[in-house]
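Structure first, commentary second.
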Amino acid sequence: MFPRIKEEIKIGELTLRFLFDGEDTDNSLVVFEMLVPPNTKVPAPHYHVHVDETLYVMEGTVEQLYGTETRVLNPGDKVFIKRGTVHGFNNTGTETARGLCFLSPASIGPEYFREIAAVVNAGGPPDMQKLLDIMKRHGLEPVKPA
């Protein structure tokens, strides 16, 4: 059974509900539920320098970029994204997608997403340089789509 939600962070229309963070796992794992309404702005393709990511889709569909290929993930599908692998996602479906995201180690946690939310939710177009600076400081490297 999962614990109660520790924290909910909204980044535009994207909602993240944190279940475990580094405090709970001796900095080894972050786990959050992700709610992605259709056509929501999502992170640009990127890779993690020091963190592996796993996504498990529970509802809806997610179009997942993995390296140079795009996969459609349906409920019950999962993907393991090794650090250094370019990835990104979109919800091009008609219903909200819901999934569990696992990050290990816990160096990309709620603090990163709070910083991103502050820039994205400030009103008007987000300051892209601030977003890039936050990403790089937390070990995420944005890449241009192929």
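The values are calculated or read from the model by the stated rules, or taken from the named source; none is laboratory data. On a predicted model such as this, the values are computed, not experimentally measured, just so you know. Positions of Cβ are backbone-derived with ideal geometry, glycine not excepted, and every protein chain shown enters the neighbour counts.
Scan segment 5-27 for residues that are assigned to a strand (DSSP E or B), touching a residue at least 12 places away in the same chain (Cβ under 8 Å), farther than 9 Å from residue 106 by Cβ and out of contact with any helix residue (DSSP H, G or I) (no Cβ under 8 Å at 6 or more places or on another chain) and jot them down.
Scanning segment 5-27 gives 14, 15, 17, 19.
Filter segment 91-100 for residues that are surrounded by fewer than 19 Cβ atoms within 10 Å (Cβ to Cβ) and not charged (D, E, K, R) and give the result.
Residues satisfying the conditions are 92, 93, 94, 96, 100.
Of the residues 36, 57, 31, 86, which is closer than 20 Å to residue 143 by Cα and in contact with a strand residue (DSSP E or B) (Cβ under 8 Å, 6 or more places away or on another chain)?
Answer to the selection: 86.
I need every pair where a residue in segment 94-122 that is closer than 17 Å to residue 34 by Cα has its Cβ under 7 Å from the Cβ of a residue that is surrounded by 18 or more Cβ atoms within 10 Å (Cβ to Cβ) and polar (S, T, N, Q), sequence separation at least 6 or different chains.
What qualifies is 97/61; 97/91.
Condition check: surrounded by fewer than 18 Cβ atoms within 10 Å (Cβ to Cβ), within 16 Å of residue 16 (Cβ to Cβ) and modelled with pLDDT of 95 or more. Does residue 117 satisfy that?
Answer is yes for this residue.
How do the pairs read when you match residues in segment 128-139 that are under 13 Å from residue 51 (Cα atoms) with residues anywhere that are in a helix (DSSP H, G or I), using Cβ under 6 Å and keeping only pairs 6 or more apart or on different chains?
138/112
When the residues of segment 73-99 are filtered to those that are part of a strand (DSSP E or B), modelled with pLDDT of 95 or more and more than 20 Å from residue 50 (Cα to Cα), which remaining residue is nearest to the chain's Cα centre (by Cα)?
Start the filter on segment 73-99 by keeping residues that are part of a strand (DSSP E or B), which leaves 73, 78-81, 87-90, 97-99.
Checking the rest, the ones that are also modelled with pLDDT of 95 or more come to 73, 78-81, 87, 97-99.
Within this subset, residues satisfying the condition of being more than 20 Å from residue 50 (Cα to Cα) are 73, 78, 97-99.
Values: 73: 15, 78: 14, 97: 13, 98: 12, 99: 10 Å.
By that ranking, first place goes to 99.
So for segment 101-116 (the condition being in a helix (DSSP H, G or I), β-branched (Val, Ile, Thr) and under 13 Å from the mean Cα position of the chain (by Cα)), does at least one residue qualify?
Yes, the conditions are met somewhere in segment 101-116.
If you check 78, 144, which single one turns out to be surrounded by fewer than 16 Cβ atoms within 10 Å (Cβ to Cβ), without any contact (Cβ under 8 Å) to a residue 40 or more places away in the chain and of a type in the set (D, E, K, R)?
From the options 78, 144, the qualifying one is 78.
Take the residues of segment 45-75 that are aromatic (Phe, Trp, Tyr) and either under 19 Å from residue 15 (Cα atoms) or without any contact (Cβ under 8 Å) to a residue 40 or more places away in the chain (or both): which is surrounded by the most Cβ atoms within 10 Å (Cβ to Cβ)?
Only one residue fits best here, namely 66.
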